[in-house]
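S.K.: Here it is, the structure, as structure tokens.
The values are calculated or read from the model by the stated rules, or taken from the named source; none is laboratory data. On a predicted model such as this, the values are computed, not experimentally measured, just so you know. No Cβ is skipped: glycine too gets one built from the backbone with ideal geometry, and neighbour counts run over all protein chains shown. Heads up: the accessible areas ignore ligands, DNA and RNA and are worked out on the full protein's heavy atoms, side chains in. Shrake-Rupley method; radii C 1.70, N 1.55, O 1.52, S 1.80 Å.
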Amino acid sequence: MEHMTIKDILAATGGTLLCGDENKEIREFSIDSRTGNEESIFVPIIGERVDAHRFIDSALAINGATFTSEHDTAEGEKPWIRVEDTVKAMQQVGTCYRDRLNLPVVAVTGSVGKTTTREMIAAALSAEKNVFQTLGNQNSQVGVPLTLSHMTKEHEAAVLEIGMSERGQIETLTNMIRPNIAVVTMIGVSHIAQLKSQENICQEKMDIIKGLSDDGMIFLNGDDPFLVRYRGKLEKKTLFYGMSEDCDYRAKEIRNEGGRTHFVFCCNDIEMNVVLGTMGEHNVRNALVALGVAHQMGVNLEKAALKLTEFHGQRQQLIRCDRCLLIDDTYNASPDSMRASVHVLASMEDVKGRKIAALSDMLELGKNEKDYHFEVGEFIAGESVDEVVVFGELSDEILNGIRSKTDKILLTKVESREAMTRYLLENITPEDVVLLKASNGMKLNEVAKAIQQ
């Protein structure tokens with residue numbers, strides 16, 4: 001944050017200064033008592049297991065100020081600010097700071113593909129603009145204000161990712177960042193255990209429009225059955241992207257070749273050949289909205305497309321190692337992203353060895369979790385895959401789904417992550433392609449590390 005004083009923070013939060021200098025300048029937040037500096041303010045968060053107010057004294061040995069919701073008096077040179085809710089106060093400061101920055105903001109949400117879409121939009125815009133984007137995976141009620149605090153007046157555009165775990169959180173975040181352009185990638189079943197239905201998930205994601213500027217616009221995935229229902233029903237300018245003929249930004253002639261994806265980008269009378277530095281039809285959709293946003297923001301499309309040729313992203317890493325060609329997609333998983341990753345594996349050309357999908361459980365899918373795993377198995381049965389290796393109780397249903405449709409895929413069940421590592425190291429060859437995919441909690445990244453080592 002630039003030029004934010006304790007006095008400004010008091011005005012933004014309605015808080016009370018218990019002690020310290022109101023003219024002290026604050027540049028960032030700290031949510032860890034072990035980190036920070038003299039220009040950061042500590043935010044003690046009350047968690048399920050720990051109330052961080054107990055760490056204020058140690059935090060002030062490093063940080064320059066602190067919030068509190070549990071003290072009515074304090075003494076010392078460093079400012080203490082009394083507020084009703086420390087997280088809400090952090091969000092209020094983030095909102096105040098965002099209002100000071102006169103730059104266009106693109107907000108991205110959705111059940112699947114938020115991070116890659118955000119990264120692609122930032123890459124496309126960077127062809128002609130100094131772009132700020134969400135740091136890491138800071139897309140939560142705490143992460144978004146942390147991210148906002150790092151924006152500066154030097155930035156010419158920002159691309160921010162917003163996520164949720166329960167109802168009402170998207171509205172809070174979109175009102176904080178007040179986007180000029182909103183993007184909804186797709187409606188899946190992530191967090192269905194909390195929101196109960198895809199319809200509820202869709203309503204929550206579409207709350208992103210509540211924070212849009214008066215002249216703002218929204219991009220929706222025109223291939224998603226929940227999102228196409230909004231065609232002609234929104235007051236804001238609405239643009240659709242996807243493979244469907246009636247999309248404003250669409251792709252045709254898609255093919256994978258040499259670890260890259262080729263397609264023709266179409267918009268009105270524009271047709272342009274695009275080469276992505278990553279694979280998969282789902283990434284074509286991500287690229288379409290990236291180019292669409294760039295187009296609406298006046299960025300040269302050919303320059304933007306060249307940036308996507310260089311794009312590789314954090315997800316679905318294609319790694320050539322001594323033991324095999326590895327597709328490391330271990331960050332997270334949902335039924336939609338699992339299907340997308342398996343399709344990438346199946347569509348790879350010129351593979352001399354086997355195509356092996358090493359999978360584990362998809363978590364937080366609610367009461368129908370076994371059905372979702374079974375359906376993924378049914379999908380895999382129709383793909384060009386040679387072997388599926390799984391561990392995890394829910395992953396049994398992936399194998400059952402495959403068995404219900406075909407007996408042409410070798411199915412292997414192992415009992416643990418360590419057993420999966422041993423099995424793969426003993427059986428894969430340098431000509432094989434191996435996909436690793438599961439929810440982050442299953443820690444398949446450890447299998448990926450072992451294979452690379």
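S.K.: Can you tell me which residue within the range 414-453, out of those that are of a type in the set (Lys, Arg) and open to solvent by 80 Å² or more (accessible area, probe 1.4 Å), is nearest to the chain's Cα centre (by Cα)? Steps first, answer last, please.
M.R.: The first filter runs over the range 414-453 and keeps only residues of a type in the set (Lys, Arg), leaving 417, 422, 437, 443, 449.
When the remaining residues are screened for being open to solvent by 80 Å² or more (accessible area, probe 1.4 Å), the result is 422, 443, 449.
Details: Arg422: 31, Lys443: 18, Lys449: 22 Å.
Selected residue: Lys443.
S.K.: Quick check on this structure: which one of Glu302, Glu235, Glu271 is of a type in the set (Asp, Glu), out of contact with any Leu (no Cβ under 6 Å at 6 or more places or on another chain), in a strand (DSSP E or B) and open to solvent by 50 Å² or more (accessible area, probe 1.4 Å)?
M.R.: Numbers: Glu302 fails: in a strand (DSSP E or B); Glu235 fails: in a strand (DSSP E or B).
On inspection, the qualifying residue turns out to be Glu271.
S.K.: Of these, Asp51, Asp57, which one is surrounded by fewer than 24 Cβ atoms within 10 Å (Cβ to Cβ), farther than 27 Å from Gly163 by Cα and out of contact with any Phe, Trp or Tyr (no Cβ under 6 Å at 6 or more places or on another chain)? Walk me through it before giving the result.
M.R.: Numbers: Asp51 fails: farther than 27 Å from Gly163 by Cα.
Among Asp51, Asp57, only Asp57 is surrounded by fewer than 24 Cβ atoms within 10 Å (Cβ to Cβ), farther than 27 Å from Gly163 by Cα and out of contact with any Phe, Trp or Tyr (no Cβ under 6 Å at 6 or more places or on another chain).
S.K.: Further, regarding this structure: Is it the case that the range 90-108 has a residue that's charged (D, E, K, R), closer than 30 Å to Ala340 by Cα and open to solvent by 10 Å² or more (accessible area, probe 1.4 Å)?
M.R.: No, every residue in the range 90-108 fails to be charged (D, E, K, R), closer than 30 Å to Ala340 by Cα and open to solvent by 10 Å² or more (accessible area, probe 1.4 Å).
S.K.: Let me ask something additional. Are there helices (runs of 4 or more DSSP H) fully within the range 167-214 with at least 3 residues that are at pLDDT 90 or above and crowded, with 18+ Cβ neighbours inside 10 Å? List them.
M.R.: On the way: elements: 169-177, 192-195, 198-206.
In the range 167-214, the matching helices (runs of 4 or more DSSP H) lie at 169-177, 198-206.
S.K.: May I pose another question? Out of the residues in the range 109-146 meeting the condition of being surrounded by 21 or more Cβ atoms within 10 Å (Cβ to Cβ) and aliphatic (A, V, I, L, M), tell me which one is nearest to Glu28 (Cα to Cα).
M.R.: Val144
S.K.: Sort through Met272, Met279 and tell me the only one that's under 25 Å from Ala448 (Cα atoms) and in contact (Cβ under 8 Å) with a residue 24 or more places away in the chain. Steps first, please.
M.R.: Numbers: Met272 fails: under 25 Å from Ala448 (Cα atoms).
Unique residue meeting the criteria: Met279.
S.K.: Right, something else. Could you tell me how many of the residues in the range 245-268 are in a loop (DSSP other than H, G, I, E, B) and modelled with pLDDT under 90?
M.R.: The total comes to 2.
S.K.: Residues in the range 247-254: is at least one open to solvent by 80 Å² or more (accessible area, probe 1.4 Å) and within 19 Å of Gly280 (Cα to Cα)? Lay out the reasoning, then the answer.
M.R.: Residues of the range 247-254 open to solvent by 80 Å² or more (accessible area, probe 1.4 Å): 253.
Going one step further and asking which of them are within 19 Å of Gly280 (Cα to Cα), we end up with 253.
For the range 247-254, residues open to solvent by 80 Å² or more (accessible area, probe 1.4 Å) and within 19 Å of Gly280 (Cα to Cα): present.
S.K.: Next question. Asp361 fails exactly one of the following numbered conditions: (1) within 21 Å of Val189 (Cβ to Cβ); (2) of a type outside the set (Phe, Trp, Tyr); (3) under 28 Å from the mean Cα position of the chain (by Cα); (4) in a helix (DSSP H, G or I). What is the number of that condition?
M.R.: All conditions pass for Asp361, except number (4).
S.K.: Filter the range 305-324 down to the residues that are at pLDDT 85 or above, surrounded by fewer than 20 Cβ atoms within 10 Å (Cβ to Cβ) and under 21 Å from Val447 (Cβ atoms) and list them by number.
M.R.: Scanning the range 305-324 gives Arg320, Cys321, Asp322, Arg323.
S.K.: While we're looking at this one, here's another question. Among Glu271, Glu257, Glu245, Glu253, which is over 22 Å from the mean Cα position of the chain (by Cα) and at positive phi?
M.R.: Values: Glu271 fails: at positive phi; Glu257 fails: at positive phi; Glu245 fails: at positive phi.
Only one candidate passes the filter, namely Glu253.
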